[in-house]
1. Of the residues that sit in the stretch 184-212 and are in contact (Cβ under 8 Å) with a residue 12 or more places away in the chain and among the polar types (S, T, N, Q), which one is farthest from L277 (Cα to Cα)?
2. Could you say which residue among R285, R221 is out of contact with any Pro (no Cβ under 8 Å at 6 or more places or on another chain), surrounded by fewer than 17 Cβ atoms within 10 Å (Cβ to Cβ) and modelled with pLDDT of 85 or more?
3. If you check every pair at least six apart or on different chains, which have Cβ atoms under 6 Å apart with a residue in the stretch 213-235 that is over 27 Å from F66 (Cβ atoms) first and a residue that is acidic (D, E) second?
4. Given the structure, is I234 in contact with a Lys or Arg (Cβ under 7 Å, 6 or more places away or on another chain), within 22 Å of L151 (Cα to Cα) and in the same structural domain as N281 (by TED's automatic domain parsing)?
5. If you scan the stretch 100-149, which residues turn out to be touching a residue at least 40 places away in the same chain (Cβ under 8 Å) and on the phi > 0 side of the Ramachandran plot?
6. Quick check on the stretch 247-280: of everything there that is of a type in the set (A, V, I, L, M) and over 18 Å from the mean Cα position of the chain (by Cα), which residue is surrounded by the most Cβ atoms within 10 Å (Cβ to Cβ)?
7. Which numbered condition trips up L167, out of (1) over 25 Å from K219 (Cβ atoms); (2) modelled with pLDDT of 90 or more?
8. Here is a list of conditions, (1) of a type in the set (A, V, I, L, M); (2) under 25 Å from L193 (Cβ atoms); (3) surrounded by fewer than 22 Cβ atoms within 10 Å (Cβ to Cβ), and A226 meets all of them except one; can you say which number that is?
Amino acid sequence: MCTKTRFDKEKYFLDTLKGLGVFKGVGDDCVNLSYAANLKSLKSFQVLDYKDKVVGFDSFIEGVHFKRSFMSLKDITTKAFLVNFSDIVACNAVPKYALLSIALPSLSKLELKEIAEAIAKICKDYKIYLIGGDTTNAKALSFNIVVFGILQDERKTSKTFVKRRFLSRQSRHLKGGLLAYTRARDRDLGTSLKTLNALLRYPKRLVHNRRDERFLSPKLRSGFVAEARKKMLIGLDISDGLASEVKYLESSNKLGLKSLIKLNSKIWKSGEEYEMLFAYNKKDRLSLKRLAKKHRIAFKDVGSFERVSKLDIRLNVWH
């Protein structure tokens, strides 16, 4: 009696990924970077000293952060990595290495190859090595990614460039400073919310177009941040909506924002924009405008931090 051989999707996925040339390491579950740097085959490794290293971790889970009916596997995979890279860029750092734990549902070889090729492309585009991780079977697709980055400037540590888990700068540095966010020159915040609302009303598979591009593939402003970092008082990315990020800054700095934007504007509530939110001194406005023009983007002032009452605005819960 012959028995049907079970398709080992985990082995196929890993073999495909390794064949695409983004794996760099001495094992698949763990890697010693200081040891790897001494191997002839891994001479391109840069050893991370604890003084100049930042680490980010995020999850991208089917049914919570995305639906497979809305996006292709390629777009889902690309976005899973981009939202993690955004955290590192917002900390004034350059992403270098990643660990990936991926849960794989029942998928065909063609679908597994699509995911693997998307991982390879995004890692090569950002010059990142995938140094290990784990694969497992599951009912839903999920990505759990750890990204290691190197600070652009040791003087500007995560105390000034912040994500929610980091500390922000002391309020005396922010008082009177202008808060602004990056944006495309021809459009403002709000497109991701518009796309999501449309999907919830009329479910469909998104394609790449001008209207939905922000939701599908966030644009990281790494070039602008790298050049403008010395003029930024703080920085973080807009992942949970402008209102949520401003509320966090108000609370952590014991200041209020004197807003220049109407509180009923959709700009406040659109999450998953991944634009850069930053504060700066008024004297640096012109030089920042020039840098923004150089990188073909714009930025918009939100308001200034003052000894005023905090914003009274309802927050959206995204995830």
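1. The qualifying residue farthest from L277 (Cα to Cα) is T195.
2. Numbers: R221 fails: surrounded by fewer than 17 Cβ atoms within 10 Å (Cβ to Cβ).
Result: R285 is the single residue among R285, R221 that is out of contact with any Pro (no Cβ under 8 Å at 6 or more places or on another chain), surrounded by fewer than 17 Cβ atoms within 10 Å (Cβ to Cβ) and modelled with pLDDT of 85 or more.
3. K231/D284
4. Working: in contact with a Lys or Arg (Cβ under 7 Å, 6 or more places away or on another chain): yes; within 22 Å of L151 (Cα to Cα): yes; in the same structural domain as N281 (by TED's automatic domain parsing): yes.
For I234, the condition - in contact with a Lys or Arg (Cβ under 7 Å, 6 or more places away or on another chain), within 22 Å of L151 (Cα to Cα) and in the same structural domain as N281 (by TED's automatic domain parsing) - is met.
5. Scanning the stretch 100-149 gives G132, G133.
6. If we filter the stretch 247-280 for residues that are of a type in the set (A, V, I, L, M), which is where we start, we get 249, 255, 257, 260-261, 263, 267, 276-277, 279.
Right, trim to over 18 Å from the mean Cα position of the chain (by Cα) and you get 249, 255, 257, 260-261, 263, 267, 279.
Values: L249: 21, L255: 21, L257: 22, L260: 13, I261: 16, L263: 12, I267: 21, A279: 24.
Among residues in the stretch 247-280 that are of a type in the set (A, V, I, L, M) and over 18 Å from the mean Cα position of the chain (by Cα), the one surrounded by the most Cβ atoms within 10 Å (Cβ to Cβ) is A279.
7. (2)
8. Among (1) of a type in the set (A, V, I, L, M); (2) under 25 Å from L193 (Cβ atoms); (3) surrounded by fewer than 22 Cβ atoms within 10 Å (Cβ to Cβ), the lone unmet condition for A226 is (2).
The values are calculated or read from the model by the stated rules, or taken from the named source; none is laboratory data. None of the values given here were measured: they were computed from a predicted structure. Neighbour counts are summed over all protein chains in view; Cβ atoms, including those assigned to glycine, are modelled from backbone coordinates with ideal geometry.
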